[in-house]
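Before any comments, here is the structure.
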Amino acid sequence: MLEMTLDKSKVQEFLRLLGQNRRLFAPVKDRMGTKFSEVADPSLVCLDGLNTNLSLKEVVFPQWETLYTFEEDQANEVKLAAQETLLFGARPCDARALELLDRVFTWEGIDDPYYLRRREKTCVVALACNTPGEACFCSSVGGSPVGEVGADALAFDLGKQLYLRALTERGEALLKEASTLTEKATEEDKQAVQQAAAEAEKQLQPVPIPEDLAALKESFDAEIWEDLGQKCLGCGTCAYVCPTCHCFDITDETKKGVGRRVRSWDSCAFSLFTLHGSGHNPRTTQAARYRQRVLHKFLYCPENFGEAFCVGCGRCITNCPAGLDLRAVLERLGSLAKVT
Amino acid sequence: MTKETNEKMSGDGWEPRIIAFLCNWCSYAGADLAGVSRIQYPPNVRVIRVPCSGRINPLFIVKALQTGADGVLVSGCHPGDCHYISGNLYARRKFALLKSLLEYVGIEPQRVHFSWVSAAEGARFAEILGKVIDSVRSVGPANKMIKKFEEVA
Amino acid sequence: MNQVEETLRQEVAKLLEDGTIDVFVGHEAASLPLKTSPCFVRSPKEVDRLVWNRICTSNLATYLPQLFKRPVGLKGEWTPPKVGVVAKGCDSRSIVGLIKEKQIPRDRLFIIGVGCEGMIDRHSVGRALGVVGLADAKVDGNSVQVIGTDGREKRIDIADVLAASCRECQHREAVLSNLTVGEAPSSAPEVSHYANVAEFESKSPQERWEHWVGELSRCIRCYACRQACPNCYCEECFAEETAPKWLGVTTDLSDVFVFHLGRAFHQAGRCVDCGACVAACPQGIDLRLLNQKINKDVEELFEAQVSLSLEEAEALSSFRMEDDQSFMTEP
Ligand code: SF4
Ligand code: SF4
Ligand code: SF4
Ligand code: SF4
Ligand code: SF4
């Protein structure tokens, strides 16, 4: 595969060139650290931050979108065109999360056209992490700070230059577009990359992940949920900042003769999430809701999709207003599983 | 989708659309009196009758602005005359705060109006309405809080 | 361990032992630096989990109403628990409000008041660090020693990262308590009350509008602000009501405005300016600037203060014949 280096002084030019024919998304500075957003001016791109405070799932799975519109008794489809899009500087955890989202939105052969129209046009250049964030635990959940899953190309920050490695044909084609700006990677570069990778992985604290699904199932009535649930405020923060959370709600909006059907993010922590039309609500306590969050990720998703739906990005930890830490929860669950 | 938005966005010929929440016992009766006395008042207003000005949830006003009203008028019985004794006096506190809050976030104060009109004040009702319409007209079509319905690609 | 923390633990142990309370709601250390987590202590053996420090930012009153709700589906008799809680000035005022609104029973509540010198705002520390994270931190007197994820160390004056609410706080001691621990706080507010609102009011309408457009377009409708707020205990919030449907579920600016105007208004005469909403917001939106405006108006127009005593009626559930009418087009 194609391996090349790009002098850091040329990054802006590189992005300007690649951004000519497509929408460009990259991290920019924000009051909460950095945020992944569409950039018109590559000089705003900031590659020095940790993973962005909000995930990049918004690009392929927006917080809300119109599914179709209607007018009196007639429904109108929305146009499903999406533009070519480049996600530059996505952290490996976020890139991997896209691969997990793909499984949901193509589950059992049923394709979600709204998701796929954007996803299919998305090219991801991930940026390996030299220094993990305070709550990162990607390597404990099957990822890596230098992971390649979900990315079309992977970049490393080598100080003076970026090293770029194409991972897919799409990534290779993309990098070739800017070949006037790059150089072939040398053996020395490749060694530097290996060293950086080893350094990064070393810095991550391992978190024991409960993998015994039968034991997790047993935990359903365990006290731990009551204990954790009483702290949980029932907000949507953890789900909304999570790159793999994908629950949505569908509502109609109407206005004098016209209307639209909208899909929007939802969160299992909300008490209304499971409210039935009859008024019955099967999840009556926050404990049950918090349990759903954790078990969905670590039990039901492995059952349905073959993998836990957590990429260890740590966002739910840094942003939880109640100070709940998924790592600690997993640790407790693990020891619980051992005992039972 | 854009039919009805266009109708009001076109600059010339624009007429302010005003939602009036009138209490059943005084202001609605006042408006009615204006009608039966054949006092002319402009057709810009859509009246919604409520039992009492105290029944008006401030969200009614916000919601009216969101759904495309250019202005809102709320009117109840004069202090001391409330059919429910003090509904209007509780309401007065809410409206004072709401008007101030809306202005604070940058919404033109000219769009939101409050008045007391008794059942006997038909002529006064028409007069107030004229004032309200002029005031709303002075700030043009509402464009800040309105929810637009364009589809997103 | 500081003196207050030690006394607090001792007192709580006593209360649990002699059956005065069944559960105590306090703060415990969270895993991330400069973060605490609410903590529910049910046995004297657990009191060592309790901490008292400059990061006990969250308003614990938020957690109280749920403890007094009869568990859904429970058959037979149920006695609500006796609950203890540690309260800063703001927590205690929220508790007063909740008692008045009949969400929690005074006679089943044991309040331990603690004087407060102001709490650290984690977002401000984050901003001081820029784009890197907070790897470690140590509070030490009036400053905090922080280490970024980039390994760089920095000493920050607590005064520079104090929560905005705390800078203006006028009630640093519990206004209602069964017991107080520690000494009365020494420092007086450093910023004049409503300075932020007054400054904002002086801007042009266009500037004010643009400010809120900018802030509210950051909002992701996660409702952390609402959930962290002790006053937002509604089982079904207007934001999620479907009949009537007040607003859509989108992050369209119009919907976000309706949500925040509606929520701010629901706090009218009730918001104690604890700053819980600001601390909870993952997008760093300064919602205080909205709520404090209403507080300022309440104070100026109705000469009312929020939840300082159990006796006083709240501003919006009372009136005076001579209340201001100058805002009216035709009074
Ligand atoms: S979780 Fe891993 S991949 Fe993601 S930002 Fe942290 S170190 Fe990087
Ligand atoms: S962010 Fe924290 S408080 Fe909010 S729902 Fe998630 S776990 Fe609960
Ligand atoms: S569950 Fe938390 S750590 Fe895991 S992917 Fe989601 S936000 Fe990241
Ligand atoms: S915003 Fe209003 S309706 Fe919603 S929870 Fe708060 S007080 Fe209740
Ligand atoms: S916490 Fe912040 S982002 Fe979440 S709903 Fe409130 S203002 Fe919006």
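The values are calculated or read from the model by the stated rules, or taken from the named source; none is laboratory data. Treat the numbers as computed from the prediction; the structure is a model and nothing was measured. Neighbour counts are summed over all protein chains in view; Cβ atoms, including those assigned to glycine, are modelled from backbone coordinates with ideal geometry. These accessible areas exclude ligands, DNA and RNA; they are computed on the full protein's heavy atoms, side chains included. Shrake-Rupley method; radii C 1.70, N 1.55, O 1.52, S 1.80 Å.
With r as the distance between the Cβ atoms of residue A:272 and residue A:296 and R0 = 22 Å, compute the FRET efficiency 1/(1 + (r/R0)^6) and round to 0.05.
About 0.80, to the nearest 0.05.
Compute the relative contact order of chain C as a whole-number percentage, counting only Cα pairs closer than 8 Å that sit 6 or more residues apart in sequence.
16 percent
By a straight-distance test (C-alpha under 17 Å), which lysines pair with residue A:35 as possible cross-link partners, with residues fewer than eight away in the same chain excluded?
A:57
Toward the positive end of the charge dipole of the protein assembly as shown, about the Cα centre and with charges on Cβ (Lys, Arg +1; Asp, Glu -1), which of A:309, A:155, A:82 goes farthest?
With unit charges placed on the Cβ atoms, the residue in question is A:82.
Residues of region C:23-45 with the amide nitrogen closer than 13 Å to a label point 7 Å from the Cα of residue C:53, along Cα-to-Cβ, please.
Inside the label zone: C:27-37.
What does the convex hull of the alpha-carbon atoms of region C:1-73 project to on average, in nm²?
5.9 nm²
Which loop trypsin sites (Lys or Arg not before Pro) in region C:164-251, with loop taken from DSSP, have no more than 16 other Cβ atoms within 10 angstrom of their Cβ?
Listed in order of number, the matching sites are C:203, C:245.
Can you tell which of A:323, A:279, A:335 lies farthest toward the positive end of the dipole of region A:213-339, using +1 and -1 charges on the Cβ of basic and acidic side chains (Lys, Arg; Asp, Glu)?
Result: A:279, furthest along the dipole toward the positive end.
Each label point is 7 Å from the Cα along the Cα-to-Cβ direction; what then is the distance between the points at residue B:85 and residue C:157, in nm?
Each label point lies 7 Å from its Cα, and together they span 5.6 nm.
For region A:111-178, just the Cα atoms, rotate onto the principal axes and tell me the three extents in Å, largest first.
Principal axes ranked by extent give 36, 31, 15 Å for the Cα atoms.
Projecting each Cα onto the charge dipole of chain C (Lys/Arg +1, Asp/Glu -1 at the beta carbon, about the Cα centre), which of C:313, C:268, C:214 comes out farthest on the positive side?
C:214
Tell me which trypsin sites (Lys or Arg not before Pro) from region B:12-73 have a DSSP coil assignment and no more than 12 other beta carbons within 10 Å of their own.
B:38
On a C-alpha basis, how far is the centre of region A:268-331 from the centre of region A:85-164 in Å? Whole number, if you could?
That distance is 22 Å.
Which of the aspartates and glutamates could be linked to residue A:176 by a straight reach, that is with a Cα gap under 14 Å, when you skip same-chain ones fewer than 8 residues away?
Output for residue A:176: A:3, A:152.
Taking 30 Å as R0, compute the FRET efficiency from the Cβ-Cβ separation of residue A:106 and residue A:201 and round it to 0.05.
0.45
Tell me which GluC sites (Glu not before Pro) from region C:1-83 have a DSSP coil assignment and no more than 10 other beta carbons within 10 Å of their own.
Those that pass, being in a loop and sparsely packed, are C:77.
Report the per residue volume, in Å³, of the convex hull enclosing the C-alpha atoms of region B:15-139.
85 Å³
Would you pull out the residues with amide H under 5 Å of residue C:132's amide H, same chain only if 5 or more places away, H placed 1.01 Å from N?
none
Taking the alpha-carbon distance from residue A:217 and a cut-off under 17 Å, which lysines remain once sequence neighbours fewer than 8 residues away in the same chain are dropped?
A:297, A:338
Under the definition of Cα pairs under 8 Å and six or more residues apart, what whole-number percent is the relative contact order of chain A?
21 percent
Given contacts defined as C-alpha pairs under 8 Å and at least six residues apart, what's the relative contact order of region A:168-279, whole-number percent?
This gives 16 percent for region A:168-279.
For region C:239-308 and region C:5-60, write down the distance between their C-alpha centroids in whole Å.
That distance is 30 Å.
Which value, in nm² and rounded to one decimal, describes the direction-averaged projected area of the C-alpha convex hull of chain C?
With the hull built on Cα positions only, its mean projection is 20.3 nm².
Calculate I(q)/I(0) for region C:192-331 by the Debye formula, one identical point scatterer on each C-alpha and no solvent, and give its log10 at q = 0.08, 0.11, 0.17 Å⁻¹ to two decimals.
Log10 of I(q)/I(0), two decimals: -0.24, -0.46, -1.09.
I'd like the carbon and sulfur percentage of the solvent accessible area for chain A, probe radius 1.4 Å, heavy atoms only, ligands and nucleic acids excluded.
The computed percentage sits at 49.
First measure r as the distance between the Cβ atoms of residue A:256 and residue A:328, then evaluate 1/(1 + (r/R0)^6) with R0 = 60 Å and state the FRET efficiency to the nearest 0.05.
0.70
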